[in-house]
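Here the structure is laid out as structure tokens; the discussion comes afterwards.
The values are calculated or read from the model by the stated rules, or taken from the named source; none is laboratory data. Quick caveat: nothing in here was measured; it's all calculated off a predicted structure. Using ideal geometry, Cβ is built from the backbone for each residue, glycine included, and neighbour counts are taken over all protein chains shown.
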Amino acid sequence: MMKLSVAIADDVAGTSAFVVWRGFEDSVRKAAEYGYHGVELALRRKEDVDAPALRHLLKQYGLEVSCISTGQVFADLGLYLTNPDKMQRGEALRVLDGLVELAAEFGGMVNLGRCRGFIAPKQDKREATDLFLDSLDMLLPVAKSLGVTVIIEPVNRYEINFINNVEECAALLREVQHSNIGIMPDVFHMNIEDAHIGRALANNAALVKYVHLADSNRLAPGWGHLDFNEVFAGLQRGGYDGWVSIEILPKPDPDAAARQAADAILPLVRRYNEGDMFLA
């Protein structure tokens, strides 16, 4: 069954946290009020979360955690997996191991966006790729032992220069000898990098484990020009059965953005779960 979540962070998260709401208590309450099925946690470290308090909140409002996202690991902590400095890569892995431990209870998935790293000026693509794959070889067995899947988010070329589109990500993952890994397409980035969003989703369905939704301008769905019918048609052709999550700019204000996203996407989720056909 497809479910809808929304990205949130704690109330002390920096400006780099790409979320709709901040403050777990208010965020979880509002997510439930607006009809979301879960929340995606944008975290720096495992210690950002008071697990018993979060557990209580989720039970109180009947929500789940869909995923733990790691944008702040890169943006705030400056840690990434293609760093030529072995000690820095080790610190990145230590932080990610902690988030994987948290995900074992909350969501079962950890995303790697920009913290997967980039191709530095004195690196070539093969060197960066090998460092990334070596890091995955250390991270993924830990994650598998805890029942956690790691999902890679292709990010557009204007934000990073490594793993920009879904096809590139799929090709790279064929080099990974672990089963607990997949792709987290983000349709905002796909609108820049993938020629046919629906086709890319359908063609790589076996690897798609989670999906980020935003409109073409990174505002709430319905406030740009993306064709979400095409998005859902592609997911349907691939037999997708998982979370779609709202990761948008909180404009004009967080509540208005979250409500617009829910109003636009929840009817599509209901149609999807009822088996209605989407035609692209």
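Determine whether ALA51 is among the hydrophobic types (A, V, I, L, M, F, W, C), at pLDDT below 95 and surrounded by fewer than 21 Cβ atoms within 10 Å (Cβ to Cβ).
On the way: among the hydrophobic types (A, V, I, L, M, F, W, C): yes; at pLDDT below 95: no; surrounded by fewer than 21 Cβ atoms within 10 Å (Cβ to Cβ): yes.
Considered against the rule, which asks whether it is among the hydrophobic types (A, V, I, L, M, F, W, C), at pLDDT below 95 and surrounded by fewer than 21 Cβ atoms within 10 Å (Cβ to Cβ), ALA51 comes out as no.
Just name the residue that is nearest to HIS189 (Cα to Cα) out of those in the stretch 221-246 that are out of contact with any helix residue (DSSP H, G or I) (no Cβ under 8 Å at 6 or more places or on another chain) and touching a residue at least 60 places away in the same chain (Cβ under 8 Å).
SER245
Could you say which residue among PRO154, PRO141 is surrounded by 14 or more Cβ atoms within 10 Å (Cβ to Cβ), modelled with pLDDT of 95 or more and not small (Gly, Ala, Ser)? Working first, answer last.
Working: PRO141 fails: surrounded by 14 or more Cβ atoms within 10 Å (Cβ to Cβ).
Result of the check over PRO154, PRO141: PRO154.
Condition test on VAL6, is it in contact (Cβ under 8 Å) with a residue 40 or more places away in the chain and within 18 Å of VAL211 (Cα to Cα)? Walk me through how you get there before you give the answer.
Values: in contact (Cβ under 8 Å) with a residue 40 or more places away in the chain: yes; within 18 Å of VAL211 (Cα to Cα): yes.
Yes: the conditions hold for VAL6.
List pairs: first residue in the stretch 257-270 and touching a residue at least 60 places away in the same chain (Cβ under 8 Å), second residue assigned to a helix (DSSP H, G or I) anywhere in the structure, Cβ distance under 7 angstrom, at least six positions apart or on different chains.
That search, which allows pairs on different chains as well, returns ALA258/LYS30; ALA258/TYR34; ARG259/TYR34; ALA262/TYR34.
Could you tell me which residue of the stretch 20-31 is nearest to ALA7 (Cα to Cα), considering only residues that are under 20 Å from the mean Cα position of the chain (by Cα) and surrounded by fewer than 19 Cβ atoms within 10 Å (Cβ to Cβ)?
Of all residues in the stretch 20-31, those under 20 Å from the mean Cα position of the chain (by Cα) come to 20-24, 27-28, 31.
Among the residues that remain, those that are also surrounded by fewer than 19 Cβ atoms within 10 Å (Cβ to Cβ) are: 22-23.
Numbers: ARG22: 9, GLY23: 11 Å.
That would be ARG22.
Scan the stretch 169-178 and tell me whether some residue there is more than 21 Å from ALA258 (Cβ to Cβ), among the small types (Gly, Ala, Ser) and not in a loop (DSSP other than H, G, I, E, B).
To start, the set of residues in the stretch 169-178 that are more than 21 Å from ALA258 (Cβ to Cβ) comprises 169-178.
Pick out the ones that are also among the small types (Gly, Ala, Ser) and you get 170-171.
Pick out the ones that are also not in a loop (DSSP other than H, G, I, E, B) and you get 170-171.
Yes, the stretch 169-178 has at least one match.
Take ASP130 and tell me if it is within 18 Å of PRO84 (Cβ to Cβ) and among the acidic types (Asp, Glu). Don't jump to the end; show me each part of the working.
On the way: within 18 Å of PRO84 (Cβ to Cβ): yes; among the acidic types (Asp, Glu): yes.
So ASP130 passes the test.
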